[in-house]
Every structure is written in structure tokens, then in C-alpha cells.
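Colleague: Have a look at the structure that comes next, please.
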Amino acid sequence: NYERVRTVDYKAIESGLRGRHPMFVWDEVQKLGNRTSTLSKRMSKLANGVRCKYRFGMTATPIVTGPENFYNEFRVIDPEQFGRVCDFERDFTVNNGEKDFWGNYVGYQNLEYMHARVGAEMFSASKEQQEIAAEFPQRNEIALSLELSARERAVYDDIFAYGKTFAPEERVGTLFMLMFMRLCNMPEVLLTMPHGGEGDYGEQSQRIWEICQDHARALEGSRNSNKLELVTEKVDELVGAGEKVIIFAAHTHNCLFPLAAHLNKYSPLLYVGGMSAEAQEEVKARFKSDPGSNLLLMSDAGQVGLNFQECRNVIHYQTPITHAAYEQRSDRVHRLDSAFDHVDIYRMVTRDTVEEKVENTMQGRRELSVASGFAGEYEELGAISERDADFMCGF
């Protein structure tokens, strides 16, 4: 029970295991998280503190963020399997652990060797398989396509025109991609964004901020946001009919928090990273059982391991870049034990913007993963490079 290991029960559990020879089974092993997390360290200490012949890690959740998760999980099951972090980076990452702007490895290598080395037994069971699909509620995919408002488009075009003044090797593509996504999702945050500093990032972020100040009246309060207007109408329709609704977005402070303020009349619940385990459990329980708590705003901290069979509506306010993340979010309501015969999955895509490119990239990566044979294990390999960002920005 991971929750009990996280709390004061840990010492009692540790004491109770002394002198015993247990078999360890880590169910939902991905919950161990990063190897530096308190839970991962405690579970490693428990397993290494006793004589233990067999250790198993089980999960029905695809590895979303790449082989690093696989490495972290097996480090707990068998600390000697991959050696130190530098050994993992040398053997399985590109350029000895090179990372991108977002802090993710730029790529991986020798994945077949990784599988062979751990001897893990893997199989894929897809909901698209007829006999499995029959056990689940019908899933309806609904694309909510929209345009930027005229005033938002003017800001978008000015930032784009500034980006075009740079040669590709000089432009910080990931910065422009982030700014365009914020403009599509919550324009008001561009007025208070961090800016300036040394180097290309500081110079370019400063100028983008100045462009946004020139359009301050258009951005204030996100009053011209067609996406905010559309999601408010959809929430009003669903919650007004007594339905429960989950809205997913990747960015917490720059999207979910201001979105919660705009949807305040619905008394939304928030489930985000950084909350204590107790607070997350309280939010989950209220959404499940309280008839007055029908709107849940969730970051990707809630995209795995949660079951909301009482809900049949998910809105992707921000479409994630990876198809695996999209599926994980949607699967919170698309469950075997759903209380409904169908679920509705909405995704909001702003036409002729970075969001449309993200949508196309997500679908393309899914097709590539299937063609390469990695679907269900490592669906999208590598992170967002400057070249990727330039493509998705339209440069």
C-alpha cells in the first residue's frame, strides 16, 4: 500500500518485515515515480532490508515519458540491473544524456537491449481489439474546432512575424511554441510572464513580452478568448444537466488556475502536482461522491492510476503532444466498470495555430509508433527539439 508507506505507518511496516522473507509485488509500479522521490527511496529500502528472492513489477499503464521511467521502476525492483544513472545515460540515451530545453533526454538508443537485459515479459492489449472493446462503454471522440478571435490573431501574427526575423539556429523555437500555446489557451498570462535575462532566450522573451504589452487591452482577463467562451458554454451545458466533467490541461499556473477562476461559479475542484497525497485523495473523494462537486480541473498529475467511473465527460482543454498522454487522460473515464454505456471525449483545437500542428503531430506519432512496433511500450521516443518546435510553430 503505497499511501501507507508514504506516511508514519512506514516505520511499523519496516519493523514488521524484519526477520521475514517476503515476496515483493509492486502493483501499478509506475506510481513509484522518480527514483529520487520519497516513496521510491522507501520502497527500495524496504526491499533491500530483507531477504527477498522474488520481486515483481506490474502495470497496465503504458510508459508515457520514455525509457527513463522503465529504468526508474527497474531500479527499485533490481538496483543492480542498470547500474548508475551515468551508465543508463551512456547505454540508452543519445549523446550521453543530452537534454533539451524542457529538461528531457533528446533521444534514446539500444531499446531492444534494454528489454533483453531485464528479461521483462510484456504484452499489449488494445481496446481496439474486438473482444476487449466489447467489455468497455462506447467511446465518442468529439473535436471542438475553433478560430482565434480577431484580436487574438493580431497578437499571434505579431509574435510570428518577430519569430520569422531569426535564422533557425538563432530562434528559440520552444519559447515561441510555449507563447503560442499560452495565447491559444489563456491569453491573460502573457501579460505577466517572466521575461528578459541573458542570452537568446532572455532577449527573445523580452521582445515577446513587449509585443504582448502593446496588445494589453486585447489580452486582459482573456476577454477575447474564443476557447474560454466555448469551454464555458460546454461546461454550462453538461454541469447544468447534472453531468460530471473533467477538464485536462498540462500547464497548472498558466492555464488551470486562471481557468478555475473563470469557471468559479461551478465551484471547480483542482487536482494538480504539488498537492499532498491527503489533499489529492480528498479531491478525488469529493468528485466521486458529492452531488454538488461536478467539475474537476486536472493537470497531467492525474492522468494515470485514477478511476472515475461516475463520470463520462473529459475535455482536453490542451491537446497533449503525445498520443499516449491523450489516451491516459481519456482512460480516467473510459473504464470497464463505468456506470455509463458511453463516454464522451472532447478535444479543443484552435485552427491555423500551433494547436493544429500539435494535433497532427500527436496522430502522426501514434501511426509511427504502430509502424515501428513500439506501440504500447514506448509510444513516442525523445522529446521536443528546437526543430520540432519550429515545425509546430509553422516556421
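The values are calculated or read from the model by the stated rules, or taken from the named source; none is laboratory data. If you're wondering where the values come from, they're calculated on a predicted model, not measured in any experiment. Every residue, glycine as well, gets a Cβ built from its backbone with ideal geometry; the counts of neighbours run over all protein chains shown. We work out accessible area using only protein heavy atoms, side chains counted, and drop any ligands, DNA or RNA first. Shrake-Rupley method; radii C 1.70, N 1.55, O 1.52, S 1.80 Å.
Colleague: Condition (residue is touching a Pro at 6+ places or on another chain (Cβ under 9 Å), farther than 18 Å from Leu146 by Cα and open to solvent by less than 50 Å² (accessible area, probe 1.4 Å)) applied to region 262-280: is it met by at least one residue? Even if it seems obvious, please write down each step before you answer.
Modeller: Looking only at region 262-280, we keep the residues that are touching a Pro at 6+ places or on another chain (Cβ under 9 Å), and these are none.
No, the conditions are met nowhere in region 262-280.
Colleague: Scan region 35-45 and tell me whether some residue there is in a loop (DSSP other than H, G, I, E, B) and in contact (Cβ under 8 Å) with a residue 12 or more places away in the chain.
Modeller: Our first condition is that a residue be in a loop (DSSP other than H, G, I, E, B); within region 35-45, this holds for 35-37.
Narrowing further to those that are in contact (Cβ under 8 Å) with a residue 12 or more places away in the chain: 35.
The answer is yes, given that some residue of region 35-45 is in a loop (DSSP other than H, G, I, E, B) and in contact (Cβ under 8 Å) with a residue 12 or more places away in the chain.
Colleague: Now a separate question. Residues that are under 19 Å from Arg182 (Cα atoms): which strands (runs of 3 or more DSSP E) entirely in region 245-332 hold 1 or more of them? Explain how you work it out, then say what you get.
Modeller: Numbers: elements: 245-248, 269-271, 295-298, 313-316.
Correct list: 245-248, 295-298, 313-316.
Colleague: Take region 1-22 and flag every residue that is surrounded by fewer than 11 Cβ atoms within 10 Å (Cβ to Cβ) and closer than 13 Å to Met43 by Cα.
Modeller: Hits for region 1-22 are Asn1, Lys11.
Colleague: When region 11-40 is examined, which residues are found to be out of contact with any helix residue (DSSP H, G or I) (no Cβ under 6 Å at 6 or more places or on another chain) and among the aromatic types (Phe, Trp, Tyr)?
Modeller: Trp26
Colleague: Also, quick follow-up: Hey, among the residues in region 23-34 that are surrounded by 13 or more Cβ atoms within 10 Å (Cβ to Cβ) and in contact with a Ser or Thr (Cβ under 8 Å, 6 or more places away or on another chain), which one's nearest to Leu306 (Cα to Cα)? Break it down stepwise before answering.
Modeller: Residues of region 23-34 that are surrounded by 13 or more Cβ atoms within 10 Å (Cβ to Cβ), as a first pass: 24, 26, 28-33.
Those left that are additionally in contact with a Ser or Thr (Cβ under 8 Å, 6 or more places away or on another chain): 28-30, 32-33.
Numbers: Glu28: 11, Val29: 14, Gln30: 13, Leu32: 15, Gly33: 15 Å.
In this case the residue turns out to be Glu28.
Colleague: Go through region 216-244 residue by residue and tally those that are more than 22 Å from Ser149 (Cβ to Cβ) and assigned to a helix (DSSP H, G or I). Spell out the reasoning first.
Modeller: Narrowing region 216-244 to residues more than 22 Å from Ser149 (Cβ to Cβ): 238-244.
Filter again for assigned to a helix (DSSP H, G or I), leaving 238-240.
Result for region 216-244: 3.
Colleague: Return the only residue of Leu190, Leu178 being among the aliphatic types (A, V, I, L, M), touching a residue at least 24 places away in the same chain (Cβ under 8 Å), closer than 30 Å to Pro258 by Cα and surrounded by 12 or more Cβ atoms within 10 Å (Cβ to Cβ). Even if it seems obvious, please write down each step before you answer.
Modeller: Details: Leu178 fails: touching a residue at least 24 places away in the same chain (Cβ under 8 Å).
One residue alone meets the criteria, Leu190.
Colleague: Between residues in region 317-334 that are free of Cβ contacts under 8 Å to residues at least 40 places away in the same chain and residues that are among the aliphatic types (A, V, I, L, M), which pairs lie under 7 Å by C-beta distance while being six or more apart or on different chains?
Modeller: If the second residue must be among the aliphatic types (A, V, I, L, M), the pairs left are Tyr326/Met362.
Colleague: Got a number for residues in region 292-318 being surrounded by 22 or more Cβ atoms within 10 Å (Cβ to Cβ), of a type in the set (D, E, K, R) and within 26 Å of Val29 (Cβ to Cβ)?
Modeller: The number of residues fulfilling the criteria is 0.
Colleague: Restricted to region 193-235, and to residues that are touching an Asp or Glu at 6+ places or on another chain (Cβ under 6 Å) and at positive phi, which residue is surrounded by the fewest Cβ atoms within 10 Å (Cβ to Cβ)?
Modeller: That would be Gly221.
Colleague: Going through region 41-56 one residue at a time, which ones are open to solvent by less than 30 Å² (accessible area, probe 1.4 Å) and over 15 Å from Glu80 (Cα atoms)?
Modeller: Met43, Leu46, Val50
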